[in-house]
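Below is one structure, written out as structure tokens; the observations come after it.
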Amino acid sequence: MLPILRNRRARTAWAAMLAFGMAFLVHAALAPRASSASQAAQGSQPRYEIVVAKNVMVTMRDGVRLATDVYRPALNGQPAPGKFPAILERTPYNKDGIEGWARYFVGRGYVAVGQDVRGRYASEGRWRPHRDDVNDGFDTAKWIGEQDWSNGGFGTVGASYPGGTQHALAISNPPYLKTMIPVDAMSDYGHYGIRHNGAFEMRWMNWIFNIGAPDGNDASRDPVVHKVLLQLGEHVREYAKGMPLRLGTTDLRLAPDYEAWLVEAMSHGDYDDFWKNMGASVIDHLAEYKDIPVYHVSGWYDSWGAQVANLNYLELSKAKKQPQRLIMGPWTHGGQTQSFAGEAEFGPEAALDFNAFRLRWFDHWLKGIDNGVDREPPVRIFVMGGGDAHKTSEGRIFVGGHWRDEQEWPPARAGVTPYYLHADGTLSTSKPSEADSATHYMFDPRHPVPTIGGNISSEGPLMFRGAADQRCRVDLWTCEDTRPLSARNDVLVFQTPPLERDVEVTGRLVVKLWASSSAADTDFTAKLIDVYPPNADFPAGVDLNVADSIVRARYRNSLEKPTFMQPGEVYAFTIETYPASLVFKRGHRIRLDISSSNFPRFDVNPNTGEPLNNNRRWATAENTVYHDAQHPSHILLPI
């Protein structure tokens, strides 16, 4: 997804930048491995000019035509003779944005194909996110393979939503598709995507208000409507704070397809066929997914990182014979060419030359060049941490880190160690022995805990993404003061003493919580934090977020079927945060924060048990977290 930018030209430019990765850094740790063959070592070299056919209308099985641009290798201004492999991107962000990566690959002997998905920009039909991309992807694949310039094979690229169109294409099991590189790809919408363990990810409100509705659809082509929709987007904070959002009550009704989808997504909590068959749910369609080599790309601070590593890569590597590869960097959404994530700097080694990275993969699987990519370890991760915590010239904290190859994800050698919550606020490997121990707090949904960074995309003016010091600030619209979040009475803080040695945590992060509430429905949140001691550059230290998640209590037992709580009864909750790889340095503290809100990352639970996105009331809930011998709440850390 893309951040909010105020005019069409800026949005199109940003979409293009995200689409082709704006490669500008190369580091030896990620450079192509050497090969004895010169061609393999260097990869395909630029030798062709480019000719472009714009807005070729490709007919789908139901008669709808999708606008498609075809960039072909050329010599002396004419299409080059011979047949070539193709690379496809299907996007809702305007196919004009593929030009950057298209020129890189076409000059090296590939055909680049960009297509506006159904109902977006120059394509016909009505937009239904990913729901038509299975069939449309199949029909487009068939069309590519039948062109006279095709050598009978193609691969795919694209980040975020276009990453999801790749998964939808693979689920269709199409002809001619040989390989894919889905980046930060949308998928599995009910786990950590649109619904997040029952909660709604508010970034999608901004996506509709400021990305989907104002541009690229039939309604927005009317200049009067376009102006109204742009103005509506400028007030997205007010609508986020004033939820629920009901059909026909806002100016979003002028873009009815977008209004209808958003209201349904905010109201539909059950993980049923609405989500499972939305189009790109890999975990629900493993059997149909084509068995081809796939390179899964994401980052520890990406909004889709949990699906990419813990679901898509992990399950496909078990279910398929063809190679599945995974790379997880210290990146935010679309940040593969950057060395930072929010307020954390990791050093130049962290940045990826993205076009060169993709070229090696495609050279092997589409051209048959023996460059060794098929023999490399299946997993590559960036282990964050180890830096000296100085303030960089950009004002970021230097976290540092390094790349490492692994044979599987999560690493099998990691010892999963429970760190228990204790009444005095400590977090330790000692299991609580008290017969009765609990911490109570009041959760007022009218004063939620502000979001400060995290695994976020499409955030626009609602919030910001990545690593951040967990302290409020005057320029953050959801903050009521400038205190650290740890000072709030509705945030429970559990932390270790200063560490006596470095501790690396790499893998899946799972919180086991025993809790009760005075309400029939409420939320519980968990956030893992690296607490930096004070230094000359950061005299108050830094509380750096590592990973977080949420669970809506009515979905504690099943994402498919809600079950309300009995007030005062103790229940077990499992909250799996996003995965991570981080060295907690000697002298730091490992901290776990428990609360009941994280807004506007997630919608706020009104604690009334009313239908989702249809409450008329709000109630303060008394929530209780237990940490006794019978209810030993803890986080499982892969040490």
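Each row is one residue, and each column tells you yes or no for (1) touching a Phe, Trp or Tyr at 6+ places or on another chain (Cβ under 9 Å); (2) within 16 Å of Asp523 (Cβ to Cβ); (3) of a type in the set (Lys, Arg).
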residue	(1), (2), (3)
Ile550	yes, yes, no
Arg556	yes, yes, yes
Lys561	yes, no, yes
Ser596	yes, yes, no
Tyr626	yes, no, no
Pro632	yes, no, no
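Taken together, Leu462, Leu427 contain a single residue that is open to solvent by less than 40 Å² (accessible area, probe 1.4 Å), of a type in the set (A, V, I, L, M) and part of a loop (DSSP other than H, G, I, E, B), which is Leu462. Taken over the range 565-621, residues that are more than 23 Å from Arg465 (Cβ to Cβ), in contact (Cβ under 8 Å) with a residue 40 or more places away in the chain and charged (D, E, K, R) amount to 4.
With a requirement of 3 or more residues that are surrounded by fewer than 21 Cβ atoms within 10 Å (Cβ to Cβ), the helices (runs of 4 or more DSSP H) lying completely within the range 189-268 that satisfy it span 223-233, 236-241, 256-267. When Thr337 is tested against (1) within 15 Å of the chain's Cα centre (by Cα); (2) open to solvent by less than 10 Å² (accessible area, probe 1.4 Å); (3) touching a residue at least 60 places away in the same chain (Cβ under 8 Å); (4) more than 20 Å from Gly190 (Cα to Cα), just one condition goes unmet, and that condition is (1). Considering only residues that are open to solvent by 10 Å² or more (accessible area, probe 1.4 Å) and touching a residue at least 40 places away in the same chain (Cβ under 8 Å), which ones fall in the range 167-188? Answer for the range 167-188, where residues must be open to solvent by 10 Å² or more (accessible area, probe 1.4 Å) and touching a residue at least 40 places away in the same chain (Cβ under 8 Å): Ile171, Ser172, Asn173, Lys178. Here Leu286 meets each of (1) in a loop (DSSP other than H, G, I, E, B); (2) open to solvent by less than 10 Å² (accessible area, probe 1.4 Å); (3) closer than 22 Å to Gly155 by Cα with one exception, condition (2).
Count of the range 545-587 residues, restricted to those that are within 13 Å of His191 (Cα to Cα), in a loop (DSSP other than H, G, I, E, B) and open to solvent by 20 Å² or more (accessible area, probe 1.4 Å), is 4. Taking the criterion of being aliphatic (A, V, I, L, M) and either over 30 Å from His588 (Cα atoms) or touching a helix residue (DSSP H, G or I) at 6+ places or on another chain (Cβ under 6 Å) (or both), would at least one residue in the range 338-360 satisfy it? The answer is yes; a qualifying residue exists.
Screening Tyr419 on (1) modelled with pLDDT of 95 or more; (2) within 20 Å of Ile635 (Cα to Cα); (3) surrounded by fewer than 16 Cβ atoms within 10 Å (Cβ to Cβ) shows it passes everything except condition (3).
When you look at Gly164, is it part of a helix (DSSP H, G or I) and open to solvent by less than 10 Å² (accessible area, probe 1.4 Å), yes or no? Here the answer is yes, as Gly164 does meet what is asked. When Ser393 is tested against (1) free of Cβ contacts under 8 Å to residues at least 24 places away in the same chain; (2) not in a loop (DSSP other than H, G, I, E, B), just one condition goes unmet, and that condition is (2).
Do we have Ile327 as aliphatic (A, V, I, L, M) and either part of a loop (DSSP other than H, G, I, E, B) or open to solvent by 10 Å² or more (accessible area, probe 1.4 Å) (or both) here?
It is false that Ile327 is aliphatic (A, V, I, L, M) and either part of a loop (DSSP other than H, G, I, E, B) or open to solvent by 10 Å² or more (accessible area, probe 1.4 Å) (or both).
Summed over the range 481-494, residues that are in contact with a strand residue (DSSP E or B) (Cβ under 8 Å, 6 or more places away or on another chain) and open to solvent by 50 Å² or more (accessible area, probe 1.4 Å) total 3.
Taking the conditions (1) in a loop (DSSP other than H, G, I, E, B); (2) within 13 Å of the chain's Cα centre (by Cα) in turn, Lys321 satisfies each one other than (2). No other residue among Asp530, Asp475, Asp537 is modelled with pLDDT of 95 or more and surrounded by fewer than 22 Cβ atoms within 10 Å (Cβ to Cβ) apart from Asp537. For the range 589-624, give me the residue count where each residue is buried (at least 23 other Cβ atoms within 10 Å of the Cβ) and over 28 Å from the mean Cα position of the chain (by Cα). Residues flagged as buried (at least 23 other Cβ atoms within 10 Å of the Cβ) and over 28 Å from the mean Cα position of the chain (by Cα) within the range 589-624 amount to 2. The set of residues from the range 625-639 being β-branched (Val, Ile, Thr) and open to solvent by 10 Å² or more (accessible area, probe 1.4 Å) comprises just one member, Ile639. Being open to solvent by 30 Å² or more (accessible area, probe 1.4 Å), touching a residue at least 60 places away in the same chain (Cβ under 8 Å) and at positive phi is a description that does not apply to Gly454. Every condition in (1) open to solvent by 10 Å² or more (accessible area, probe 1.4 Å); (2) among the aliphatic types (A, V, I, L, M); (3) under 16 Å from Ala53 (Cβ atoms) holds for Val106 except the one numbered (1). Within this structure, Arg126 fails the test of being modelled with pLDDT of 95 or more and within 23 Å of the chain's Cα centre (by Cα). Exactly one residue out of Glu343, Glu315 is in contact with a strand residue (DSSP E or B) (Cβ under 7 Å, 6 or more places away or on another chain), in contact (Cβ under 8 Å) with a residue 24 or more places away in the chain and open to solvent by 10 Å² or more (accessible area, probe 1.4 Å), and it is Glu343. Counting the residues of the range 478-528 that are assigned to a strand (DSSP E or B) and touching a Cys at 6+ places or on another chain (Cβ under 9 Å) gives 1. Checking each residue in the range 38-94 for being closer than 30 Å to Asn217 by Cα and part of a loop (DSSP other than H, G, I, E, B) picks out Met60, Arg61, Asp62, Gly63, Val64, Pro92, Tyr93, Asn94.
The values are calculated or read from the model by the stated rules, or taken from the named source; none is laboratory data. These numbers come from a predicted model, not from an experiment. Cβ: placed from backbone, ideal geometry, glycine included. Neighbour counts: every protein chain shown. To get the accessible areas, we keep the full protein, side chains included, count just its heavy atoms, and leave off ligands, DNA and RNA. Shrake-Rupley method; radii C 1.70, N 1.55, O 1.52, S 1.80 Å.
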